[in-house]
């Protein structure tokens, strides 16, 4: 159980830092106190783990129709859901949540790639016809 605590705390910190950075860049995102930021990061992680997969399954035809772009709407809805649950976390509009969710996703992926990489090199497989597989 404690083996998974380290990566969980790192993901939580990455989400909190991404939310904080988004609140500095986008005028429509505000946190009342630091504790609101910490709770919002925890709830956003929970919503992304529990609620988002259900929404993806329910909206699968629409996601296919839009070539996956509807997933950006689902990300924005997750941020708006968290802002409705955390009293000190406010998001001014859907479009603020939409663009902030893109920013948060990219920043979290970048920081997660740096902080959560295991340092191993990727094996390169050379194919007989001169191509390579990573």
Next on the checklist: Restricting to the stretch 1-43, count the residues that are under 17 Å from residue 100 (Cβ atoms) and surrounded by 14 or more Cβ atoms within 10 Å (Cβ to Cβ).
Outcome noted: 20
Checklist outcome for this item: Residues of the stretch 52-92 being closer than 15 Å to residue 25 by Cβ and surrounded by fewer than 15 Cβ atoms within 10 Å (Cβ to Cβ), in sequence order, are 92
Next on the checklist: Where the second residue is crowded, with 16+ Cβ neighbours inside 10 Å and assigned to a helix (DSSP H, G or I) and the first is free of Cβ contacts under 8 Å to residues at least 60 places away in the same chain and at positive phi and lies in the stretch 51-77, which pairs have Cβ atoms under 8 Å and are six or more apart or on separate chains?
Outcome noted: none
Item to check | Test set (1) under 15 Å from residue 15 (Cα atoms); (2) more than 13 Å from the chain's Cα centre (by Cα) - residue 76 fails condition number | outcome: (2)
Item to check | In the stretch 88-101, the residues that are assigned to a helix (DSSP H, G or I) and within 18 Å of residue 43 (Cα to Cα) | outcome: 97, 98, 100, 101
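Every read-out reported here was derived from the displayed coordinates using simple, explicitly stated rules and does not represent laboratory data. Computed from a prediction, not measured in an experiment: that's the story for all the values here. Every residue, glycine among them, receives a Cβ derived from its backbone with ideal geometry; neighbour counts consider all protein chains shown.
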